[in-house]
Amino acid sequence: MLHQKGTAVLVAAGFARMPRTRHFWKGWAWCVVVSALAGACSPDSQQGDRATVDSSQRGAAKAVDYAPGVRIDFRVPKVEIACEVVLREGPLELFAYSKAPVPKEHESILKTSVPCSAIYQALGLIGLQPGHTARYFPETRTERAASGDPVEVRVRYELDGRVVEQSACDWMIDVAAGRPMAPRAWVFSGSERDKANRLAADEEGTLVTVVDFPSSLLSLATSHSSSDTDLWLKANTDAIPPLGTAVTLILQPAKK
């Protein structure tokens, strides 16, 4: 269950520094919900993982370590996640995979040890609202596109002593077009939940996906098949740093 005191302190620190934008007020409302419904978004197994900000930091906090591997910068606002490069070649179903019982390292460029539920909560704290994932309804033969607040996905890493920041789109090739993926935002689709109200994304690791998964935390707004024969993106090998490179995955509100 989410640590209520720690969350309240973190929220207070962010409140003191965040600009009073639309995302600020949405985030503040979300924080109240998260504090009041502690545990609704997080498995009990994550007790103690949430960061607290002590009284000496509250007034000066501009960025906080929310959970191991997760940092929230309230000034932008944005969420930063510690990842590493695990794939540089081949077709893709994900851009970023959160280590989970279902292995997907073979079809994702990045991997993180941060659970999707922690990232879900962090996105809520910067004012992003989840929608729903893409789904096909066989009884009516209709499709539902993924929805949610738009999220810009970027990467930052060090190369030859300098810091490089790029769009996630630059690391993927549109197979049909024969060029890098056209710039676009993802949507905070929020993943479906199981009967115990746990995020399906925690089981499957589907953090940032490029094809349709009911468990996607971040989805594309346009539908793309997960069939191996229809995968529309592949890794842009020349643009991706070496395997094992530490990469910061940056998630921030995108312009609508």
The equivalent-ellipsoid semi-axes of the stretch 87-198, taken as the square roots of five times the Cα gyration tensor eigenvalues and listed largest first in whole Å, are 26, 19, 16
The stretch 136-256: relative contact order in percent, alpha carbon pairs under 8 Å with at least 6 residues between: 31
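Where a number appears in this text, it was derived from the coordinates with a stated rule and is not lab data. All of these numbers come straight from a predicted model, not from anything done at the bench.
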